[in-house]
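Report on the following structure.
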């Protein structure tokens, strides 16, 4: 069964460092997403991406965050200058289309980011 | 804004026990409702969904019914197995056209033999 692959599975970084989390979505999917879950809290939407541009973003997704699809297969989330509160599990997801309800997201296993 | 509330865990059960994980939601419009499951070391997987009121989603022995009058989507299974041990997430899709999901906090289920 096709799957979404995320790397690294766990990254530890110092506050202020740049981090790039990588995702390989399912090959025929057109819509890509990042979500995150701070320990003990809800899974939160960060950003959606379609046709090489951001289609929607949450208020969490500030100027420190950026997304890119650099080579037609990878989908990356960059955090420019990490803060302690960025420590979370980051989930990548993709979907074939945007039809609400009839379409579902396929998620990766997550990348755990720990900022010290 | 839209939100999902689900019961806190962990829920600890013996094998073959009946499972209920409560989920209620607040939403404008007519969201679709989902249960996702995360097994250890794996991604969030869709377990079941319902797209309109009174729909029942079912999969792998799990069921949930979209109750508009009580704004609920409780997950049930008649007889749990050890292999059902996982974290279960209730979610709704906002009708924004891009499949943005609003999740609950997740409920960990532990099933012992």
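Where a number appears in this text, it was derived from the coordinates with a stated rule and is not lab data. Predicted, not measured: the structure shown is a model, and the values here were computed from it. Positions of Cβ are backbone-derived with ideal geometry, glycine not excepted, and every protein chain shown enters the neighbour counts.
Using only the C-alpha atoms of the range A:1-58, find the volume of their convex hull and express it per residue in Å³.
Taking only Cα atoms, the range A:1-58 has a hull volume of 130 Å³ per residue.
P(r) for the range A:15-116, please, calculated from all Cα pair distances in 5 Å bins and given in %.
Percent of pairs per bin, in order: 2, 13, 25, 26, 19, 10, 4, 1, 0.
Could you sort the peptides B:33-39, B:49-55 by per-residue average Cβ neighbour count (10 Å cutoff), highest mean leading?
With the highest mean Cβ count within 10 Å placed first, the list reads B:33-39, B:49-55.
Can you give me the Cα centroid spacing of the range B:1-37 and the range A:1-52 in angstrom?
Their Cα centres are 24 Å away from one another.
Over all directions, the average projected area of the alpha-carbon convex hull for chain B comes to how many nm²?
The orientation-averaged projected area of the Cα hull of chain B comes to 6.7 nm².
Suppose we keep just the DSSP beta bridges with both residues in chain B; what percent of those would be antiparallel, to 5?
Counting DSSP beta bridges with both partners in chain B, the antiparallel share is about 90 percent.
Assuming a viscosity of 1.567 mPa s and a temperature of 4 °C, what translational diffusion coefficient in µm² per second does Stokes-Einstein assign to the range B:16-82, Rh being the Kirkwood radius over Cα pairs?
Reported coefficient: 103 µm²/s.
Highest mean first, how do A:72-85, A:23-36 rank when packing is the count of other Cβ atoms within 10 Å averaged over residues?
Output ranking for A:72-85, A:23-36: A:23-36, A:72-85.
What number, in nm² with one decimal, is the all-direction average of the projected area of the convex hull of the alpha-carbon atoms of the protein assembly as shown?
Its Cα hull, projected and averaged over all orientations, spans 12.3 nm².
Indicate, rounded to the nearest 5 percent, the antiparallel portion of the DSSP beta bridges found entirely in the protein assembly as shown.
90
Could you work out, residue by residue across B:21-29, how many beta carbons of other chains sit within 10 Å of that residue's beta carbon, and then give the average as an integer?
Mean shielding count: 0.
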